[in-house]
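For reference, the structure is listed below as structure tokens.
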Amino acid sequence: MRLTTKGRYAVTAMLDLAYHSEKRPVTLTDIAKRQDISLSYLEQLFARLRRAGMVEGVRGPGGGYQLSRDAQLINVADIILAVDEPIDSTRCGGKANCQNNQPCLTHDLWMGLSDQIRNYLATINLHDLLQRRSVRQVAERQDRHGAGQPIEMALRSDVQAFDTGG
């Protein structure tokens, strides 16, 4: 399975929002600058996240976006699915029509992997991610110095440390 930029950017933007909206609503312009994501792309993602009931807009001076529910109730799998990013390792999109309208030899293997990935991502919520030291360090550095290493890089380093047992 390859997660596209749509899924990666959605998770990164939601994590940025979760971190910064603890104090006040956050503008997409601020997220775009900190995370080096196109503002127009963020607008498209947030329209989907709003329809999924994950974020809400706050109008007026000091307005922007905030989470529509507690960060503990928003998991990574839901964010990815909200922006129409499939969590699927099969070639057939899970339809079992991979080879002449029938399942291929490895269909069940890839379906199992998709289930494992989906289940793993469903166990991680925004609150859990905000508790990671590396995520908070990156967010604090971005606040002090503007953009630089996006939060996504901190998540990647956490995954690499997990993979190597560190």
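The values are calculated or read from the model by the stated rules, or taken from the named source; none is laboratory data. It should be emphasised that the depicted structure is a prediction, and the values quoted were computed from it without experimental measurement. Cβ atoms come from the backbone with ideal geometry, glycine included; neighbour counts cover every protein chain shown.
Summed over segment 119-144, the residues that are crowded, with 19+ Cβ neighbours inside 10 Å, assigned to a helix (DSSP H, G or I) and under 14 Å from the mean Cα position of the chain (by Cα) give a count of 4. In the set (1) at pLDDT 95 or above; (2) within 18 Å of residue 144 (Cα to Cα), residue 22 fails one condition alone, (1).
List every residue pair whose Cβ atoms lie under 6 Å apart, where the two residues are 6 or more positions apart in sequence or sit on different chains, the first residue falls within segment 117-129 and is charged (D, E, K, R), and the second residue, located anywhere, is assigned to a helix (DSSP H, G or I) and exposed (fewer than 14 other Cβ atoms within 10 Å of the Cβ). As it stands, the answer is none, since no pair meets every condition given. Within segment 90-118, which residues are more than 27 Å from the chain's Cα centre (by Cα) and assigned to a loop (DSSP other than H, G, I, E, B)? Scanning segment 90-118 gives 96, 97, 98, 100, 101, 103, 104, 105, 106. Screening residue 16 on (1) over 18 Å from residue 136 (Cα atoms); (2) in contact with a Lys or Arg (Cβ under 7 Å, 6 or more places away or on another chain) shows it passes everything except condition (1). If you go through segment 54-98 and keep only what is acidic (Asp, Glu), out of contact with any His (no Cβ under 9 Å at 6 or more places or on another chain) and more than 18 Å from residue 120 (Cβ to Cβ), you end up with 56, 84. Note on segment 1-89: enclosed helices (runs of 4 or more DSSP H) holding 3 or more residues that are crowded, with 19+ Cβ neighbours inside 10 Å and over 13 Å from the mean Cα position of the chain (by Cα) are 28-35.
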